[in-house]
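The values are calculated or read from the model by the stated rules, or taken from the named source; none is laboratory data. The structure presented is a predicted model; accordingly, all values stated were derived computationally and were not measured. Methodologically, a virtual Cβ is constructed for each residue, glycine included, from the backbone with ideal geometry; neighbour enumeration extends over all protein chains shown. Accessible surface is based on the protein model in full, side chains and every heavy atom, while ligands, DNA and RNA are left aside. Shrake-Rupley method; radii C 1.70, N 1.55, O 1.52, S 1.80 Å.
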Amino acid sequence: MPNDRILSGLSLAQKAGQVASGEFSVEKAVKEGRAFLVIVAGDASDNTKKKMKNMTEFYEVPIYFYSIKENLGRCIGKEYRAAAAVTHPGFADSIEKQLKLVSQLNREEQAWQK
């Protein structure tokens, strides 16, 4: 996790009070229209991933699967968190740019390995 810009951005957003964390709080933020980005831990349960994916698609909120529950929680000063929602458009844009960059690099690496 050292020098992870995504988790660092999430940490900054949390310090500014712009993160909802935990499944219930994320769901509430999305349904109230306050969430601009949702991040779900890669090791979250399949049920949680499906529920979050379906909900964010319906409400048209970007969703990314990233890191693990321990790291997602630690970066926002909590224990384990399966999901987090960024409730500020500026923080969400900044974090999403980093997530897209990581996704692109992962795709390129997978293509190179084939």
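Give me, ordered by chain and number, the residues 5 or more places off Val19 or on other chains with an amide H under 5 Å from its own placed amide H.
Answer set, sorted by chain and number: Thr87.
Once you have all Cα-Cα distances for the range 1-59, histogram them in 5 Å bins from zero and send the whole-percent values.
Taking all Cα pairs of the range 1-59, the binned fractions are 4, 17, 26, 24, 18, 9, 2 percent.
If you take all C-alpha pairs in the chain, what percent of them are over 21 Å apart?
31
Are there GluC sites (Glu not before Pro) in the range 1-66 that DSSP puts in a loop and that have at most 15 other Cβ atoms within 10 Å, and which ones?
Those satisfying the criteria are Glu32, Glu60.
For the range 30-94, give the percent of accessible area contributed by carbon and sulfur heavy atoms, probe 1.4 Å, rounded to a whole number.
About 48 percent, which is the carbon plus sulfur part of the accessible surface.
Could you report the range 22-79's accessible area per residue, 1.4 Å probe, as an integer in Å²?
Each residue of the range 22-79 exposes 56 Å² on average to a 1.4 Å probe.
For the chain, what does the helix formula give at 222 nm: sum of -39500 (n - 2.57) over DSSP H segments with n ≥ 4, over the residue count, nearest 500 deg cm²/dmol?
Mean residue ellipticity, 222 nm, calculated: -18500 deg cm²/dmol.
Which of the residue pairs Lys69/Lys114; Lys51/Lys114; Lys51/Lys97 have a Cα-Cα distance greater than 28 Å in the structure shown?
Too far apart for the 28 Å limit: Lys69/Lys114; Lys51/Lys114.
With both bridge residues required to lie in the chain, what share of the DSSP beta bridges run antiparallel, to the nearest 5%?
Beta bridges within the chain, antiparallel portion: roughly 70 percent.
Give me the dipole magnitude in Debye, nearest 20, for the chain about the Cα centre, with unit charges on the beta carbon: positive for Lys and Arg, negative for Asp and Glu.
80
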